[in-house]
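Right, one structure below, let's go through it.
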Amino acid sequence: MLHKGRPFLLPLLGIHSMLWWRALFGVFTIVYSLNKLAAAYEAGLVDGVDAEGFAPQANISRQDLTVMLARAVDLLHIAKKSGSVHVPYTDATGFAPYAADSIQKVTESGLMSGVELKGSTYFLPTDPTTREAAAMVLYSLLQNGKLIN
């Protein structure tokens with residue numbers, strides 16, 4: 001599974017930071033790659049799980065990944081994929097309010113999609129993101145952002 005707070009996106013976007021700690025991480029808490037978490041926070045890619053901080057060992061849900069990806073899409077000025085249509089996900093009522101717009105944005109940009117089950121399309125927002133799925137999405141993000149061929 002992909003964990004919250006892991007610095008998988010930052011080096012790919014060229015975001016670095018010399019900030020080694022922040023109060024919101026806990027005064028004496030050392031977190032894996034804290035400087036990269038701080039850089040993600042400063043770049044606006046992540047907010048943390050609440051006002052108190054991050055949960056770097058927690059799994060990242062599909063909807064949480066869309067929030068980070070949507071912010072990266074904005075940062076890289078990636079346009080909607082031509083011919084993209086609004087996808088009416090059957091499980092849209094289960095989207096967290098903070099993630100609904102991001103889910104639509106990454107769907108329209110072609111970065112993520114739902115799954116067909118019994119003739120309906122589901123996004124499965126609370127399912128955990130696997131490393132393999134994240135790698136595919138990041139590769140697509142980098143291509144669409146013209147950072148790789």
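Nothing in this text is a laboratory measurement; each read-out follows from the coordinates by a stated rule. These numbers were taken from a predicted model, which means no experiment stands behind them. Cβ placement follows ideal geometry from the backbone for every residue including glycine, while neighbour counts extend to all protein chains displayed.
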Inset, instruction - Hey, could you grab the Kirkwood Rh for the range 42-149? Inverse mean 1/r over distinct alpha carbon pairs, Å, one decimal. - result: 14.5 Å
Legend entry - Residue-span extension gain [T121 to D47] - 0.36 nm each, minus C-alpha spacing: 23.8 nm
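Given a Förster distance of 41 Å, report the FRET efficiency between M136 and Y98 from their Cβ-Cβ distance, rounded to the nearest 0.05.
0.95
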Legend entry - Förster-model FRET efficiency, 22 Å R0, N35 and A58, C-beta, rounded to 0.05: 0.65
Legend entry - For the range 92-126 and the range 57-90, distance of Cα centres in Å: 9 Å
